[in-house]
Each structure stands twice: as structure tokens, then as C-alpha cells.
1. Check SER651 against each of (1) open to solvent by 40 Å² or more (accessible area, probe 1.4 Å); (2) over 34 Å from the mean Cα position of the chain (by Cα); (3) free of Cβ contacts under 8 Å to residues at least 40 places away in the same chain and name the one condition it does not meet.
2. Looking only at segment 230-257, filter to residues that are more than 19 Å from the chain's Cα centre (by Cα) and open to solvent by 30 Å² or more (accessible area, probe 1.4 Å); which one of those is nearest to the ligand (Cβ to nearest atom)?
3. Give me the pairs, please: first residue somewhere in segment 469-494 and assigned by TED's automatic domain parsing to the domain that holds ALA418, second residue anywhere and open to solvent by 70 Å² or more (accessible area, probe 1.4 Å) and not in a helix (DSSP H, G or I), beta-carbon distance under 7 Å, and either six or more positions apart or on two chains.
4. Filter segment 78-106 for residues that are open to solvent by 50 Å² or more (accessible area, probe 1.4 Å) and either within 26 Å of the chain's Cα centre (by Cα) or within 16 Å of the ligand (Cβ to nearest atom) (or both) and give the result.
5. Need pairs with beta-carbon distance below 6 Å; first residue in contact (Cβ under 8 Å) with a residue 24 or more places away in the chain and within segment 28-53, second assigned to a helix (DSSP H, G or I) and charged (D, E, K, R); sequence gap 6+ or separate chains.
6. On the given criteria, is VAL638 outside the structural domain of VAL697 (by TED's automatic domain parsing), open to solvent by 10 Å² or more (accessible area, probe 1.4 Å), in contact with a Phe, Trp or Tyr (Cβ under 9 Å, 6 or more places away or on another chain) and at pLDDT 95 or above?
7. Take the conditions modelled with pLDDT of 95 or more and away from the ligand (no atom under 16 Å from the Cβ) and apply them to ILE74. Does it pass?
Amino acid sequence: MKRIVSMAVIAVLLLSGENTSAQQTSAGNARMKTFIDALMKKMTLEEKLGQLNLPGSGDIVTGQAQSSDIGKKIREGKVGGLFNIKSVAKIREVQKVAVEESRLKIPLVFGMDVIHGYETVFPIPLGLSCTWDMDLVENSARIAAVEASADGINWTFSPMVDICRDARWGRIAEGNGEDPYLGSQIAQSMVRGYQGNDLSKNNTIMACVKHYAMYGAAEAGRDYNTTDMSHQRMYNDYLPPYKAAAAAGAGSFMASFNEVDGVPVTASKWLMTDVLRKQWGFKGFVVTDYTGINEMVAHGIGDLQTVSARALVAGIDMDMVGEGLLTTLPKSLKEGKVTLAQIETACRRILEAKYKLGLFEDPYRYCDENRAKTELFTAKHRAIARNTAAQSFVLLRNQGDILPLKKTGTIALVGPLADNKENMPGTWSVAANFQQATSVLAGMKEVLGDKAKIIYAKGSNLDADAAFEERAGMFGKSLGRDNRPAAVIIKEAVDAANQADVVVAALGESAEMSGESSSRSNIEIPQVQKDLLDALLKTGKPVVLVLFTGRPLAIKEENEKVPAILNVWFGGSEAGYAIADVLFGDVNPSGKLTTTWPQNVGQVPLYYAHKNTGRPLEEGKWFSKFRSNYLDVSNDPVYPFGYGLSYTRFSYSDITLSHTALKGNQKLTAAVTVTNTGKYDGKEVVQLYIRDVVGSVTRPVKELKGFQKIALKAGESKTVTFTITPEDLKFYNYDLKYDWEGGAFTIMIGGNSQAVKSASVNWTK
Ligand code: BGC
């Protein structure tokens, strides 16, 4: 055991003769309690508050931690942890200050936004969710944890599980789409991937579920904006993924920036204590988002002292960056606005997290330089990331089976995203080394070898407006502006197209057109790129649009005129290879959308699990006076939730039900036979939806209740069976009681939320 805590504490540990990293068994919990009791007895008020403090680390330069301002604070016991520091060397250096130079030698926790991979970058979460493959999702988090922990990190600000039904919101890229059922499965897979079954292992890291809660429902899709919705909608649609992540044992939660019910979440006792801890039994700690406490001054609920006290009382345990807790709680304690018990509870929760991570036993547990040298960006991790990226792509259109392309002839590769590495990892890739990423051009060259010729031309800038392009190219992700007139740049691409057999156009959004503070009021492809696309189509050559985006885009026009569209999100460090793998048919695409794609921004929010209303549109019509519709556009999406094509075709049989009438806790099985009727082996996501036809409150027209991803060889059939129990029929009713109600149900199974076979059952209680 390293000498990291005071002698008295060590004595307690030695007397009990155990291992400080014991897991959450009750004996382990008792030992943890004994350890922390002894430690807390020695702590001053200032040191207790220090544990609640997560300052911004600034740019810690190796060799300077000792002399830095942060170093001074750590030495004084005023820091609980740091975040977004990259490298074992830097982390070891600051940890050394904590465990050798502070009075109680309490180790720091090191966090980072490891959102979709570390140096090996996986697709952005919205893309990853389109794999509908929980093993791939879990494994991506596992690999992220292995790499991050090899580089000194033991806490990640992920998974982000905010349900979002508004494509304007930039942070839709960071989540898993619009559906609470799928979102919950993914939330649990991510937590398992990060944390494994033993947090004290040196290759597992603590998850932080964010942004709790309802952050994805910001009004008008404008980031940080107010959210306001009924409690029924919260409980049925928005809270389930957070709850699922808590049930999976996530070690920490992050409070969101937005307000809910008129209270900034950071001060919401209802969310942080009543729901999270009392209703869901969460035992970990809650951290604010970046300056979340201080921002409550601007929200207008008081000065820094007031809002800091409110945050603590509500259930916040750690203060990210703002230092409101550290600097104002002593005064609030004196004035009786907070109690010592409240401060100690928060402090204990942070110490417990450190204990579970095994940091008291070995503060350098995650600081193994050898691991840092050998476990990052490995060939094995990259191969998995490449395959995962390919699985996340969604084939939106493939008229005339243009795809897959042949590995022969001449290919014109054009577009502002065709020859760029920096944008491939996508938003929130803090640890990525952009130079290690692979562009589409490089990926295609690698996959084609000398079998086919590629002619590259940029074809257009990202956007005609240079200032917009700059905002959309932050954090070193510039697309390199071409200052020649647009017509000249387009002409080059048209010349390339004219010499080619086929055109691949890599267009869409840049990585930073989605993500934090990247909301858009226009969710179309920028006009200058549309002009390029039109010019390419005019050549008469077959055009394949490789579409980059971090959100659902409004591409009604492109869907009508471009024969093939492969949506590739931001696929991560291996994106270029994965795109080539799919374009040339080495991988058959199988991704399915986890968001609805609208025809235009005016339809937003648009989602499949909507209510019927009292005036639904009649079947087969797109407009009818005095019905719920628009004068100028139908209610349909361009692509529905769950949609995605394959190079092969799948056909579905009718549904076979085990019963048409059931009672109480009986089980229903619903089966379909799926046949691969095309020429290629492929994978299909078979989706189960249920409609509760009559309820005590209105119910959605359908809700996802199950899915299975199956592989079928060309010509092969498989029967897919879903077992349905009353558990699948439950919902939160008007009194927020979670229960099911007897009556008629429609069972629907299909390859997307619209193309379904249906059958009816009557199920009484
Ligand atoms: C974001 C969080 C992130 C945090 C730390 C905030 O601005 O909202 O998602 O974890 O910064 O980087």
C-alpha cells in the first residue's frame, strides 16, 4: 500500500486487513464506510469543500504542475479532481502533488470527455446508435475505456443519453436519437462498456450520465434553452434512458444546463434527489455541467452564494469549474443556509467514487506509461472502429442499384469533405489526433489499390459565407477555404466528373456544424454544395452522395434527384476506410436511422411515436381541411425512424401470434419470417412496435418495444420471434403510476417504423 493517507487512516485499514478496492458487496461497503469515516474525521471544512471542487485545469504543461495555480490549490487540498488533461506524464505529475504534497494526500480523480472513443475514434453517438447492435456499442465504450485508462483517465463524461426530437439542436449528434426504448438499451450498454464489473481494475473507468435531465428538449432547438413539458412526457419519453443508466450502476451523473419546471436543473431538488436518488436508488455522485452553478445567476435565481447553496441542497456533489461551492459555502454554513451534514454527504460521495476506482490503494493505478505506449490506437482497436463505422452508415437511397461501386474504371471524388482528415472524428473528439484520421480520399486509395483511377476535386467550400465556415470549423477542424470564385471551383469538379464513370460527392455538414452550441435554424445542405451537386447531376454521370452530418438533415430535394445517398455521419478515425469498404461492397450497409428525417425544418419536432390527435389525417391523403396537417407540406418524413436500405432486399411474412386474446400475466409471442430475397448476404434490424389502442390517457400511435439484428445469407430465411409480456405494455399514467391497462393492442413488426406488418390482440388484466 502506498503512503497516501495519514497514518491514522492507514492504521484503520491495516487493522481491518482488507483491500480498499473491494466492490460494492455489503462487506465491501462496510469497509469503504470505515475507511471514509476515518478519513473524514481528519478533514477540515476547507478540505471537505475541496473534494467538491473540479476546477478547469487550463493547459497544464508537463513540468509545470508544481508551480501552477492549480498546483497550489491541490497542495492546499482545494481540488477534488481535474478534467481534460491528456497524457500519463501530465496526470502523474499533478497526482503526485496531491498525494505527496497535500496534508491528507487524497488522490485526485481525472475526468475527460471520452464521448465516442479516445485516440481510436468511433462514430459520433448518433451514428453509433444506428448500428442497433448492442455488442458493438458496448465494445466501443470498452475500447474507449481501455485507451483512456491507459492514458491516465479514470472518469468519462459519457454516456450522453438525452432524447432529442429536434434536428435543429446541435447536440443531437452526441445522443442516441429520439426513442426512449432504444436509448435505454444503449445507455446500459455504454455504462457496462466503460465500467465493466469492477471499477477498481486499471482498464475500467467511471461513467457519468448526462445531461440530466431533458436537455435535448431545448425550445426551438437552441442550445442551453428552456425546456418545458408535462411530467407524463418526461416519465414516458425523456427520463427512461437516464433511469436505465442508473440501474446499470453508473457511478456518476451530470446535471444539465437547462431549466425544468422553472428551476435550473442544477438547483432542482426534485430531479437530483427525489427522482434520481429516492425513486431510482442512485448511489453515486452528481457533478454540475461546466460552470452550471454560476450560470444560475444569469438564469435569475440569485447571487453566487444563493445559487451555490441551492445547488448543494438540491443534491449537487461536485462543482465543475465555477468554484461556487468552494468559495461561498463557508459563509452559507455560518448563516445556516446549508448544513455541515449536506457538505459531508457530498464529500463522502466523491471519496466513495475514488475508493471504488481503487485510487486510495494506488493513486497511480491509471498511470502506466507502458500501457500508454502500447494500448492506444492499436491495429486491433482500429479494425474494430473501422467495422463499427461501416455498420453505422445508413443507405438512404440506391436507385438502380448504383451501389456498390465496381473497383474498376475512373471515379471522380469531389466535395469539401472528400480530402479532409480533421473532420472525420466528428464533434467531441477531445483525445483524437486528427492527423491519425483517414480521409475519404485516402480510404478509397487504400481499398482500391491500383484497380481504379481516382480524380479528386474539391468542388466547393463548405458554405458560401466565410464567417459561417469559420464558426463551423473550430477546434482545428477547418476545411481549408478556397478563395476562388464558386463557379471556378465547381467547374474543376465538373471537369473531373466528365472524365469519370461515376461521381462520388462527399458533402454535407462539417464536424462542428453539430455538437455543443452548434444549433441550426436551416437544416439543409449549404446552398453552395447544392449548386455543386446540381452541376454534377447535369453531367449525366451516376452520382453517389456520401453525406456527412451530425443531425437529421432536410434533404427532400436530394432524395428526389440523387440516385444514391449513403449517410456516413462522422465515422471516427477510420471513417475513410469504412466509407470505402461500404462504397465498394466489402461491407453491406445495415444501419437504420434512430431519428426521423423531416422534409423541412418547419415540421420539427417530428417523431414516429407521436399521438394521434382528435383530427388525424385520413389514410392516403396528405391534406384535408380541419385535419391536423400543413397547407404546404405533408406530415410524412423523408425517411422514417428505423429506416435504412441494404444492397440486398428483405421480405417479411405476416405476423404469427401465439394468442389473439390473453389475460393477466400470460406471454404473447409474435413471429415473422424474414427472407433475404436479394443477391448479397446482409443484416437486417427487425423491429417490434406496439400500439396501445385505448388508454386512460392518450397513447402514441406506436412505440418501439423490441428489435433483433439478424444476418441472412442471400436466399436465406429466418423466423424472428418476440416474446411480449405485460411489462412491455406499461406506461406512466396521469398519476405517474407505472402500470398497464387491459384492452386492444396492435402488434407491428417490420424493417422500419412505417413498413410494418400488423396483427391485433385483446389483452385483459
Ligand atoms: C458540456 C458537457 C461536457 C463539459 C466538460 C460542457 O460544456 O455540456 O457535455 O462534459 O462541458 O467538458
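The values are calculated or read from the model by the stated rules, or taken from the named source; none is laboratory data. Since the structure is predicted, the reported quantities are computational estimates derived from the model, not experimental observations. Counting neighbours? That spans all protein chains shown, and the Cβs are built from the backbone with ideal geometry, glycine included. Accessible surface areas use protein heavy atoms only, side chains included; no ligands, DNA or RNA. Shrake-Rupley method; radii C 1.70, N 1.55, O 1.52, S 1.80 Å.
1. (2)
2. Looking at residues that are more than 19 Å from the chain's Cα centre (by Cα) and open to solvent by 30 Å² or more (accessible area, probe 1.4 Å), I get ARG233.
3. Sorted first by the residue in segment 469-494, then by its partner, the pairs are GLU469/ARG481; ALA486/ALA464.
4. Matches in segment 78-106: ASN84, LYS86.
5. The qualifying pairs are ILE36/ARG348.
6. Numbers: outside the structural domain of VAL697 (by TED's automatic domain parsing): yes; open to solvent by 10 Å² or more (accessible area, probe 1.4 Å): yes; in contact with a Phe, Trp or Tyr (Cβ under 9 Å, 6 or more places away or on another chain): yes; at pLDDT 95 or above: yes.
Judged against the criteria, VAL638 is a match.
7. On the way: modelled with pLDDT of 95 or more: yes; away from the ligand (no atom under 16 Å from the Cβ): yes.
So ILE74 fits the description; yes.
Residues checked against (1) within 30 Å of LYS73 (Cβ to Cβ); (2) in contact with a strand residue (DSSP E or B) (Cβ under 6 Å, 6 or more places away or on another chain); (3) buried (at least 24 other Cβ atoms within 10 Å of the Cβ):
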| residue | (1), (2), (3) |
| --- | --- |
| PHE122 | no, no, yes |
| TRP132 | no, yes, yes |
| SER140 | no, no, yes |
| ASN176 | no, no, yes |
| ASP179 | no, yes, yes |
| SER184 | no, no, no |
| LYS210 | yes, yes, yes |
